[in-house]
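The values are calculated or read from the model by the stated rules, or taken from the named source; none is laboratory data. Since the structure is predicted, the reported quantities are computational estimates derived from the model, not experimental observations. When we count neighbours, we look across all protein chains shown, and the Cβ atoms used for this are built from the backbone with ideal geometry, even at glycine. In case anyone asks, the SASA skips ligands and DNA or RNA and just uses the protein heavy atoms, side chains included. Shrake-Rupley method; radii C 1.70, N 1.55, O 1.52, S 1.80 Å.
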Amino acid sequence: MEDQQDRERGEYFFGEPFEALGNAWAAIYGDSDEEILSNIATYLPETYPEKDREAPRNMDPGFSYLVYPERSPARICFLIETEGDRNLMAAMYPLLEGWRENLETLNFKAWENGLEGMVAARSGTGKILNFFDPFYAYDSLSFTKGAKSEFRLAALAFRCEKSSVNELKITKGPLYEMSLKEFLEKNPDKTAAAFPGAAVVIQGARMLLPTPYTGEYEFRSIIEEMDEIEFLSKKLYRYKIGLGDRDDAEPCVYLYAPENAIKGDAPRIGDDIDGVLWLCGYKTNAPEKY
């Protein structure tokens, strides 16, 4: 039975991998990523080696990581592939400082280029998460299935807004029938026609629902903390949110919400929010919080 369940969920992975990061840049820069592409030549000469992801001097892994700016909660990471004397830019993506969480590594899979990839991990509360690892080529050298490690979990909002629905009406099904029976028992002089209906209050709820793409989720949560930061001349709201259920917020993440991704007024601490996010994370042999 367990083997069948593992096959059904892709060995702990949900959805199909989307081996491109255009959605992330579009969330920050809008429908076009021309602004960041036009500035690559400006950023690259100002990059810094990511020192905690450097290979030993006697080892040539064929890749390295450059970051810009040197210190910030949100940076660009340039994945550089080495072929002989040539340095090739294999990828470029947002590098987001995450919230610390202890997770059990369930599985990890490289993308087609062999240097980028995804991790499937389980939190202490049993929630299974799929996320992009910006340092996959380096981190995967020390991954062990079933081992627990500390990760930094972050998310980038593709869409984020204050929740407009805090109660769900139930018009059929077991819950409706149970509520109707209870109503009639408490009101013997009334008929089913007088039953006002059943409802489930979801205000304060936390939900994380997989989409067709690995690592992308529909979510609902509550803002616990809030900061505003600048990323390449763009403002990001950084929210601490929980991805657990109502009684247990863990695991938590830092959710980075670009202005382009926010619908309506920017949410604040205590607001219920929902939307779509892209989950990412890396092991914590990385610099401390800046």
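In this structure, does A74 turn out to be in contact (Cβ under 8 Å) with a residue 24 or more places away in the chain and open to solvent by 40 Å² or more (accessible area, probe 1.4 Å)? Show your work before the answer.
On the way: in contact (Cβ under 8 Å) with a residue 24 or more places away in the chain: yes; open to solvent by 40 Å² or more (accessible area, probe 1.4 Å): no.
Criteria not met by A74.
Of all residues being modelled with pLDDT under 75 and assigned to a strand (DSSP E or B) in region 160-197, which is least open to solvent (accessible area, probe 1.4 Å)? Just the residue, please.
Ranking the candidates gives I170 first.
Hey, can you tell me all the residues within region 201-237 that are surrounded by fewer than 18 Cβ atoms within 10 Å (Cβ to Cβ) and outside any strand (DSSP E or B)?
Answer for region 201-237, where residues must be surrounded by fewer than 18 Cβ atoms within 10 Å (Cβ to Cβ) and outside any strand (DSSP E or B): I202, Q203, G204, A205, T211, P212, S233.
State the number of residues belonging to region 123-159 that are under 14 Å from the mean Cα position of the chain (by Cα) and not in a loop (DSSP other than H, G, I, E, B).
Going through region 123-159 one residue at a time, the tally reaches 15.
If you go through region 13-32 one residue at a time, how many are closer than 14 Å to F231 by Cβ and of a type outside the set (G, A, S)?
Counting residues in region 13-32 that are closer than 14 Å to F231 by Cβ and of a type outside the set (G, A, S) gives 3.
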